[in-house]
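J.: Take this structure, written in structure tokens, and hold onto it; I'll ask about it next.
The values are calculated or read from the model by the stated rules, or taken from the named source; none is laboratory data. Worth saying up front: this structure is predicted, and the values here are computed from it rather than measured. Heads up, the Cβs are rebuilt from the backbone with ideal geometry, glycines too, and the neighbour counts pull from every protein chain shown.
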Amino acid sequence: MKSAAIIVAAGRGTRAGGEIPKQYRAVGGQAVLARAVSAFADHPRIGQIVVVRHPDDADLFCDCLGDLADRLTVVEGGATRDASVLAGLAAVEAAETVLIHDGARPLVSADLIDRVLDALAEHRGAAPALPVTDALWRGAGGRVVAPHPRTGLYRAQTPQGFHLDAIRSAHAIHGAGAADDVEVALAHGVDVAIVEGEEDNIKITLPGDFDRAARILQERDGMDIRTGNGFDVHAFEAGEAVVLCGIKIPHSHRLKGHSDADVGMHALTDAIYGALALGDIGQHFPPSDPQWKGAASHIFLEHAMEQVRAAGFTLSHADVTLICERPRIGPHAQAMRAALSAIMGVAEERISVKATTSEKLGFTGREEGIAALATATLVKA
């Protein structure tokens, strides 16, 4: 029989700062809680997963978990961690063993889960821990009072595993006030084996822990860099101005197109879609659809950037080259960079806009239209 897992995520996490609870903030492009839940959802020895959330977090929870939420049993937590764990235990339907994990530990590994489960074959409880290696002191009033021996001391982690009937009975009579589930188990005669923990299995507690977790992910998963290219062409037709990279420039003609024909923004949008392997503008905004006739191209670029963030990437750099004889681009290049920066939510220093001519050759040389090349570089956040 597979083990059940309870992910406790009903806390407020105020010490971590931020405008939303820490478990819903992103680390490495994915919410802390989503990473924690995924570790158990992807594990072949885990069956039912119960997530204990705060009553006020329903919308954050749905945004965070997406389709994964359909695989979970969701219950509301109580005023204390003990009460939240009790609510989770009550929701476990059919399992002989259960793992209880902090939703603020996003980097738990499959190997660690296995070690805890393996230990439960011989013990009614098992929990990961790391031996204390630093010197310890006792202090008072900001001064060292005395050294403290570190022999036999451990740093506790989760998931903490138990035989379901044993930990249910212990929690039912323990009451509030325990630091973790091992404390509850020991207070009621449940033996708990120590298994080897992992340094990477950190708990997000303080603001700096987000950066630490991101560094661990980067070292563990490697740098993910994507590059995409875009090319677009629009012909001239009768008019009084062209729109290029969001800036309207007076001219003897305008560019012909189903939307506003912003050739520079179109090329950049396609470069971003290309970096994500998501096709091109035409697939997302078909020209056959009348709702996009005359549409402002920032709609397309904003959509592409939404896909970047949803996939856990950031845009490291974008480069746009406009190819035309006229109008002159140089006087407007800085305004174009500023416009793209505002649309994309990216610093101007990461956006380049420049121009070249085709030396009077080809359709651009004959001033029949404008072409644009763009390159976008994405980095996994």
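J.: Quick check, is residue 159 of a type outside the set (Gly, Ala, Ser) and surrounded by fewer than 17 Cβ atoms within 10 Å (Cβ to Cβ)? Quick ask: steps written out before the conclusion?
T.: On the way: of a type outside the set (Gly, Ala, Ser): yes; surrounded by fewer than 17 Cβ atoms within 10 Å (Cβ to Cβ): no.
For residue 159, the condition - of a type outside the set (Gly, Ala, Ser) and surrounded by fewer than 17 Cβ atoms within 10 Å (Cβ to Cβ) - is not met.
J.: Something else: Give me the pairs: first residue in segment 265-278 and in contact (Cβ under 8 Å) with a residue 24 or more places away in the chain, second residue among the aromatic types (Phe, Trp, Tyr), beta-carbon distance under 6 Å, and six or more apart or on different chains, which are they?
T.: The qualifying pairs are 267/231; 269/300.
J.: Then there is this: Which of the residues spanning segment 119-143 are over 30 Å from residue 169 (Cα atoms) and loosely packed, with under 10 Cβ neighbours inside 10 Å?
T.: 133, 134, 135, 138, 140, 141, 142, 143, listed by residue number.
J.: Step by step: first the residues of segment 300-336, then only those that are free of Cβ contacts under 8 Å to residues at least 40 places away in the same chain and in contact with a strand residue (DSSP E or B) (Cβ under 7 Å, 6 or more places away or on another chain), then the one that is surrounded by the fewest Cβ atoms within 10 Å (Cβ to Cβ). Which residue is that?
T.: Once the filter is applied, the top-ranked residue is 330.
J.: Give 185, 179 a once-over and let me know the one that is loosely packed, with under 15 Cβ neighbours inside 10 Å and farther than 30 Å from residue 273 by Cα.
T.: Working: 185 fails: loosely packed, with under 15 Cβ neighbours inside 10 Å.
Step by step, each of 185, 179 is checked, and only 179 is loosely packed, with under 15 Cβ neighbours inside 10 Å and farther than 30 Å from residue 273 by Cα.
J.: Just checking, does segment 209-222 include any residue being in contact with a Pro (Cβ under 7 Å, 6 or more places away or on another chain) and either at pLDDT below 95 or surrounded by 15 or more Cβ atoms within 10 Å (Cβ to Cβ) (or both)?
T.: yes
J.: Could I ask something else about it? Six or more apart or on different chains, Cβ under 9 Å: which pairs go from a residue in segment 195-211 that's in a strand (DSSP E or B) to one that's among the charged types (D, E, K, R)? Could you list them?
T.: Pairs that qualify, where the first residue is in a strand (DSSP E or B) and the partner is among the charged types (D, E, K, R), are 195/115; 195/118; 196/115.
J.: May I pose another question? Scan segment 19-43 for residues that are without any contact (Cβ under 8 Å) to a residue 40 or more places away in the chain, of a type outside the set (A, V, I, L, M) and either touching a helix residue (DSSP H, G or I) at 6+ places or on another chain (Cβ under 9 Å) or crowded, with 17+ Cβ neighbours inside 10 Å (or both) and report the count.
T.: 2
J.: Look at segment 167-182 and say how many of its residues are more than 15 Å from residue 8 (Cβ to Cβ), touching a helix residue (DSSP H, G or I) at 6+ places or on another chain (Cβ under 7 Å) and hydrophobic (A, V, I, L, M, F, W, C).
T.: Residues meeting the conditions: 1.
J.: Which residue, of 100, 113, is in contact with a Ser or Thr (Cβ under 8 Å, 6 or more places away or on another chain) and not aromatic (Phe, Trp, Tyr)?
T.: Working: 113 fails: in contact with a Ser or Thr (Cβ under 8 Å, 6 or more places away or on another chain).
Going through 100, 113 in turn, just one is in contact with a Ser or Thr (Cβ under 8 Å, 6 or more places away or on another chain) and not aromatic (Phe, Trp, Tyr): 100.
J.: Okay, moving on. Return the only residue of 288, 252, 297 being surrounded by fewer than 16 Cβ atoms within 10 Å (Cβ to Cβ), more than 20 Å from residue 366 (Cβ to Cβ) and more than 24 Å from the chain's Cα centre (by Cα). Spell out how you get there, then give the answer.
T.: Values: 252 fails: more than 20 Å from residue 366 (Cβ to Cβ); 297 fails: surrounded by fewer than 16 Cβ atoms within 10 Å (Cβ to Cβ).
That would be 288, the only listed residue that is surrounded by fewer than 16 Cβ atoms within 10 Å (Cβ to Cβ), more than 20 Å from residue 366 (Cβ to Cβ) and more than 24 Å from the chain's Cα centre (by Cα).
J.: A further question on this structure: When residue 147 is evaluated against the numbered criteria (1) touching a residue at least 60 places away in the same chain (Cβ under 8 Å); (2) loosely packed, with under 14 Cβ neighbours inside 10 Å; (3) of a type outside the set (Phe, Trp, Tyr), which criterion, by number, is the only one it fails?
T.: Going through the list (1) touching a residue at least 60 places away in the same chain (Cβ under 8 Å); (2) loosely packed, with under 14 Cβ neighbours inside 10 Å; (3) of a type outside the set (Phe, Trp, Tyr), residue 147 breaks only (1).
J.: Residues of segment 250-285 being farther than 22 Å from residue 316 by Cβ and of a type in the set (Gly, Ala, Ser), which ones?
T.: Of all residues in segment 250-285, those farther than 22 Å from residue 316 by Cβ come to 250-263, 282-285.
Listed by number, the residues that qualify are 252, 257, 259, 261, 282.
J.: Taking the condition among the polar types (S, T, N, Q) and closer than 27 Å to residue 214 by Cβ, does residue 97 pass?
T.: Numbers: among the polar types (S, T, N, Q): yes; closer than 27 Å to residue 214 by Cβ: no.
Here the answer is no, as residue 97 does not meet what is asked.
J.: Just to be sure before I move on: is residue 138 under 21 Å from residue 204 (Cα atoms) and assigned to a strand (DSSP E or B) in the structure I sent?
T.: Working: under 21 Å from residue 204 (Cα atoms): no; assigned to a strand (DSSP E or B): yes.
No; evaluated as a whole, the condition is false for this residue.
J.: Have a look at 280, 270 and point out the one that is crowded, with 21+ Cβ neighbours inside 10 Å, charged (D, E, K, R) and not assigned by TED's automatic domain parsing to the domain that holds residue 29. So that I can check it myself, show each step before the final result.
T.: Numbers: 280 fails: crowded, with 21+ Cβ neighbours inside 10 Å.
None of the other options fit; the residue is 270.
J.: Could you tell me how many of the residues in segment 165-188 are over 34 Å from the mean Cα position of the chain (by Cα) and either of a type in the set (Asp, Glu) or not in a helix (DSSP H, G or I) (or both)?
T.: So the answer is 3.
J.: Where residues in segment 72-118 are among the β-branched types (Val, Ile, Thr), crowded, with 17+ Cβ neighbours inside 10 Å and touching a residue at least 40 places away in the same chain (Cβ under 8 Å), which of them is nearest to residue 174 (Cα to Cα)?
T.: 85
J.: So, one more: Mind checking whether some residue in segment 51-61 is touching a Leu at 6+ places or on another chain (Cβ under 9 Å) and on the phi > 0 side of the Ramachandran plot?
T.: No.
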